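The values are calculated or read from the model by the stated rules, or taken from the named source; none is laboratory data. All figures in this text were calculated on a predicted structure; none of them were measured in a lab. Every residue, glycine as well, gets a Cβ built from its backbone with ideal geometry; the counts of neighbours run over all protein chains shown. When the accessible area is computed, the model is the full protein with side chains, heavy atoms only, and any ligands, DNA or RNA have been set aside. Shrake-Rupley method; radii C 1.70, N 1.55, O 1.52, S 1.80 Å.
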Amino acid sequence: ASNGANGHSQLPTEEDMTLLQLQQRYAEEAAKRIRADGPAQFLDLTDADTDRFKAIAEDPWADHAALNAKETVKDGATSKFLILGGGYGGLLFAVRLMQAGLIKGPDDVRLIDAAGGFGGTWYWNRYPGLHCDVESYIYMPLLEETGYMPKQKYSPGSELREHAERIATQFELYDKTLFRSNAKAATWDEEEKLWTVQVTEGRGPNEPSRELTLKCQYLLVASGVLNIPHVPKIPGLEGFGGEMFHTARWDYSATGGSYENPDMEKLKDKRVGIIGTGATSIQIIPQLAEWAKELYVFQRTPSAVHPRDQKATDPEEWKTKIASKKGWQMERALNFVAHMSLATKNGEENLVDDGWTKMPAYSALIGSPGYGLVEPTPEAIGANVARLHKMDTHTAETARARVDQIVKNLETANKLKAWYPSWCKRPTFSDMYLQAFNEPNVHLIDTNGQGIEAATKDGLVFAGKEYPLDVLVLSTGYRSPAFGNGNPAAKTGIEVIGRGGLSMDEKWKNIGSATLHGVATSGFPNLFFAFGPQTAGTANFVTMLEVSIQHTAHILAKAEEKVGAGSRAVVEVTREEEEAWTMQVMMRAPYFASIVGCTPGYLNGEGQSARQDPKDMMKASRSSGWSEGMLSYIEVLEEYRREGSLKGVEVTAA
Ligand code: FAD
Ligand code: NDP
């Protein structure tokens, strides 16, 4: 209720009532979807122990013959840096360390990746319609260094992968990288002051795999956030008799066409089903609609779909406006952050000017400088949540109205409307998705929040009805980035043993997240991570990678300077200082309360966050983000660097 001039509470206004009704509707929709099994409703494909799911998880893209013909990294090799991951994060680590003068000789750096090539997300995902959802001018890393001009405002997956290859070629990383190789364990060797990493290299179907032990002074983890595909444990799913695959391993042999030319002519006489309507499906469904004889879209929760407004890059505008001066890319990326997190200064131009920058309530997820510090009282938390809901009403209503404008069938239109606020699931952008539901071959099977009941040899079952299918696409997402409470080892699927036999899993189990600035943790010297907990978020993951990686490069450059040339540095965060940072982060946790009550999804532990006992909740709050947003977080890091003493980091010579 609003307060009158005399400060007394007045009756709720009409606006208050509408907002309350909206929140009530959101709460009902979320409640429908809460399941007792939470994240356990999914099976990670890396844990699959049956032939069908194991085969689905395999790398469809590796050129085994070419990779087997060349030995890049020998068993027993020791390097100064070992980078785990060959996606944009791993590449950024390599380049920023080179630029900081820390990688000098050809043997200073090695990379490993389970994939058969560079690109990470953009290596594994090759589904038709794949594009980045953040402007490519700020999403594609190192555009200044490579001199590359993206062809469009939002690049297709192929261009994003080729860009990873471009970076690797320009910075001569191919000969230093071991592909198809899974890191399983990393152990700190106190005597040698080196990390020992156990790796299994897969060599394709015709050769046995190879076990390797690699050593390094610094272990840098860039293992990504959304790279372990999972599938729902739907009874009977494995026994489905038709073709079945996950979107992160698209099977062009089943659909026809290829990554380069995705004309899926094999689907012309097929009944195709797709489970899931998240950000991936929004891009795929228009493509399937074009080729499939019949397309059945099985929906549990609709996505909010905003306009995309794709456009070709104008070379003149690129030269004169976008990429016209040194440092333009980070400046543009931070301008985007400012517009997303309500942090613009007077009249600051909106350079990217797209849907992301007109979605103020997304700041619920990424923080905001003016609002980030919220008292840990129910009143203050409630007021912040109400403020965010109010701010979101226009965005959410506009998205729902857009469905009515585009989708002709009233019943279908109603089912496609998202009844949750913008911050609960990744918002999507498309000028083709909703339109696809006007096609006569596209059928929306809305499960009213319940999901599929069962699969049979012939198809999927919902509400007792079987839908016969020839091809089934599992667009069911990934293990949550929050898995393991932000523990980088658990996220990466490796066992990390630090000083004195301390296991990272054990440390996180006992105390939860503990880092300095989100880049390193005590007890694990010379280990740094690109996507740690306790950092700031934004919609552009590459900005997050850049900020963490540049900070690590700074710490390492300073540390090396301290020990001097000729000595090997051992760099370790102190327990005291990581706890001080953790306290800062925990202080900011109340701001994020609006996510707890969201419709279930990977951001809130599939709805389980609200059901944690207070001790677990406290532990989880240690993994919070920086609630005042990315720009504020950067200021803190810059101040730390200006001060220059590497406070909280112990540096010794090995
Ligand atoms: P990744 O690209 O995931 O690379 C990590 C690499 O580490 C992988 O290749 C993996 O094989 C390897 N790896 C992991 N563990 C091990 C191990 N134990 N041993 C060996 N190798 C290992 N973000 C955006 O900001 N904008 C977007 O438009 C966007 N689109 C996306 C689309 C899809 C389909 C998905 C799944 C994610 C998207 N993201 C997007 C998030 C995206 O993951 C990040 O933007 C970014 O690519 C992450 O880069 P990374 O290098 O940190 O991780
Ligand atoms: P999501 O986790 O977002 O979506 C999975 C989908 O599967 C949801 O619609 C989910 O429903 C549905 N689902 C799960 N289990 C069942 C079931 N038993 N029955 C019916 N439906 C089910 O995965 P995505 O791959 O779509 O996206 C993951 C993330 O990757 C995004 O959030 C985004 O960050 C990134 N991404 C970005 C893209 C871009 O535009 N560049 C493209 C693709 C991905 P429910 O919502 O009810 O759980």
For this session: Measure off, as a whole percent, the carbon and sulfur share of the 1.4 Å-probe accessible area of segment 68-115, all protein chains present.
Result: 51 percent
For this session: Largest first and to the nearest Å, give the Cα extent of segment 325-479 along each principal axis.
Result: 58, 46, 33
For this session: For segment 376-381, take each phi angle, set θ = phi - 60°, evaluate the Karplus expression 6.51 cos²θ - 1.76 cosθ + 1.60, and give the result in whole Hz per residue in order, putting x for glycine and proline.
Result: x, 10, x, 5, 5, 5
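When DSSP beta bridges are limited to those with both residues in the chain, what percentage is antiparallel, rounded to the nearest 5?
Numbers: 35 of 73 bridges.
DSSP beta bridges in the chain are roughly 50 percent antiparallel.
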Seminar exercise, completed: Treating every alpha carbon of segment 121-242 as one equal point scatterer without solvent, the Debye formula yields log10 I(q)/I(0) values at q = 0.10 Å⁻¹ of -0.51
Problem set entry | For segment 337-342, 3J(HN,Hα) per residue [Karplus equation, 6.51 cos²θ - 1.76 cosθ + 1.60, θ = phi - 60°, Hz, x = Gly/Pro] | 4, 4, 6, 7, 10, 6
Exercise. Considering the dipole of the chain built from charges on the beta carbon (Lys and Arg +1, Asp and Glu -1) around the Cα centre, which of 185, 388, 24 is farthest to its positive end?
Worked result: 24
For this session: Apply the Debye scattering formula to segment 542-654, with a single equal point scatterer on each alpha-carbon and no solvent, then give log10 I(q)/I(0) at q = 0.18 Å⁻¹.
Result: -1.00
Exercise. So, with a 1.4 angstrom probe, what is the percent of accessible area on segment 374-519 that is carbon and sulfur?
Worked result: 56 percent
Problem set entry | residue 25/residue 358 FRET efficiency (R0 30 Å; Cβ-Cβ; nearest 0.05) | 0.80
Exercise. Could you state the number of Å between the C-alpha centres of segment 444-486 and segment 256-316?
Worked result: 17 Å
Problem set entry | Other-chain or far-sequence residues with amide H under 5 Å of residue 569's (modelled H) | 654
Problem set entry | Euclidean distance of C-alpha centroids, segment 20-81 and segment 144-168, integer Å | 25 Å
For this session: Could you list, by residue number, the cysteines of the chain that have no other cysteine's beta carbon within less than 4.7 Å of their beta carbon?
Result: 132, 216
Exercise. Carbon and sulfur atoms: what percent of the 1.4 Å accessible area of segment 172-258 do they account for?
Worked result: 49 percent
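Over the chain, what number does the Rg to Rh ratio reach, with both radii from the alpha-carbon atoms and Rh per Kirkwood? Don't jump to the answer; show the numbers that get you there.
Values: Rg = 24.7 Å, Rh = 25.9 Å.
Result: Rg/Rh = 0.95.
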For this session: Enter the accessible area per residue of segment 296-402 (Å², integer; probe 1.4 Å; all protein chains in place).
Result: 47 Å²
Exercise. According to a simple spin-label model (label point 7 Å from Cα along Cα-to-Cβ), what is the distance in nm between residue 263 and residue 187?
Worked result: 5.6 nm
Exercise. Running Debye on segment 350-391 with equal point scatterers at the Cα sites and no solvent, what base-10 log of I(q)/I(0) appears at q = 0.21, 0.26, 0.34 Å⁻¹?
Worked result: -0.71, -0.95, -1.23
Seminar exercise, completed: In Å, the Kirkwood hydrodynamic radius from C-alpha pairs for segment 197-337 sits at 20.3 Å
Exercise. How much accessible surface does residue 562 have with a 1.4 Å probe, in Å² rounded to 10?
Worked result: 120 Å²
Exercise. Out of residues 5 or more away from residue 472 or on other chains, whose amide H comes under 5 Å of its own, with H placed 1.01 Å from N in the peptide plane?
Worked result: 243, 244, 245, 273
Seminar exercise, completed: Long-range amide H partners of residue 81, meaning residues 5 or more apart or on another chain whose placed amide H is closer than 5 Å, are 109, 110, 217, 218
